[in-house]
Amino acid sequence: MKIAIIGGGNIGSSLALALRDKHEVKVTSKSEKTASLLREKGLTVSSNRNAISWAEVVIISVKPFQFPDILRENSDLFNDKVIVSTMAGLTRKFLMKSTGGKEVFRAMPNLGITIRRSLTALAGCGGHAKSVEEIFSAVGKTFWIDERSFDAWTALAGSGPGIVAELVDSLMLGE
């Protein structure tokens, strides 16, 4: 499967590293420093436009405020793609309307993604649901939830472990 990961941050780079042995993967980054680090790890780094046009599955893994720029520059490329969003707060309905993607899914991994021990909630339906589940199974366990519960999952499990980690870190440092 050809997978484009738009955004090479923590989620995007963790996914790319986990998937590269079984799939063709291209990852993107606006930052040349990040792009250089990704290349050092053996990942293929590409422009958003090149990666999206090449891919069968496009995983959008950027901050929600960055999405309008990506959409503006690449809206003509999404129509026949399976779209997976790891962006908090953007609904499938909004993403379907914005991208025209043939199937749109949401995925919300948590901090464990960096060590392939994430618990990832998935939402969506369609013929590629098993493929989306397979993608995120590469970084931990997955389960499907109703999209109405997605914001609660994001707040509790998506961000919760990071908050606990910061608290433990602060306690260890005596701050």
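The values are calculated or read from the model by the stated rules, or taken from the named source; none is laboratory data. Keep in mind the model is a prediction, meaning the values are calculated, not measured. Here the Cβ positions follow ideal geometry from the backbone for every residue, glycine too, while neighbour counts run over all protein chains shown. Protein only, heavy atoms only, side chains kept; ligands, DNA and RNA dropped before computing areas. Shrake-Rupley method; radii C 1.70, N 1.55, O 1.52, S 1.80 Å.
Sequence-distant or interchain residues sharing an amide H contact under 5 Å with residue 140, placed H: which?
118
Show 19, 90 ordered by accessible area, largest first, where the area counts protein heavy atoms only and the probe is 1.4 Å.
These residues rank, largest area first, as 90, 19.
So how strong a dipole does the chain carry about its Cα centre when Lys and Arg Cβ are +1 and Asp and Glu Cβ are -1, to the nearest 20 debye?
For the chain, the charge dipole is close to 300 debye.
Provide the per-residue ³J(HN,Hα) series for the range 75-83, in order, calculated from phi with Karplus coefficients 6.51, -1.76, 1.60 and θ = phi - 60°, each as a whole number of Hz, with x at glycine and proline positions.
Karplus values, whole Hz, x for Gly and Pro: 4, 6, 9, 7, 3, 9, 9, 8, 10.
What residue among 74, 11, 172 has its Cα farthest toward the positive end of the dipole of the chain, where the charges are +1 on Lys, Arg and -1 on Asp, Glu, each on the Cβ?
With unit charges placed on the Cβ atoms, the residue in question is 74.
Show that you can apply the helix-only estimate: for the chain, add -39,500 (n - 2.57) for every DSSP H stretch of four or more residues, divide by all residues, and state [θ] at 222 nm to the nearest 500.
-11000 deg cm²/dmol
Karplus couplings for the range 55-62 from phi (6.51 cos²θ - 1.76 cosθ + 1.60, θ = phi - 60°), rounded to Hz, Gly and Pro as x?
7, 9, 10, 10, 9, 9, 10, 10
Write down the percent of antiparallel bridges among all DSSP beta bridges whose residues are both part of the range 57-175, to the nearest 5.
Close to 20 percent.
With θ set to phi - 60° and the Karplus curve 6.51 cos²θ - 1.76 cosθ + 1.60, what are the ³J(HN,Hα) couplings of the range 41-52 in order, to the nearest whole Hz, using x for Gly and Pro?
Once θ is set to phi - 60°, the couplings for the range 41-52 become 7, x, 8, 8, 9, 9, 6, 4, 4, 5, 5, 5 Hz.
Determine how large the accessible area of residue 33 is when every protein chain is in place; take a 1.4 Å probe and give Å² rounded to the nearest 10.
150
Please work out the Cα center distance from the range 15-60 to the range 85-160, rounded to the nearest Å.
19
Determine the per residue accessible area of the chain with all protein chains present and a 1.4 angstrom probe, expressed in square angstrom.
Roughly 52 Å² per residue, with all protein chains present.
Based on the mean of other beta carbon atoms within 10 Å per residue, what is the order of 122-134, 56-68, most packed first?
Going by the mean number of other Cβ atoms within 10 Å, highest first, we get 56-68, 122-134.
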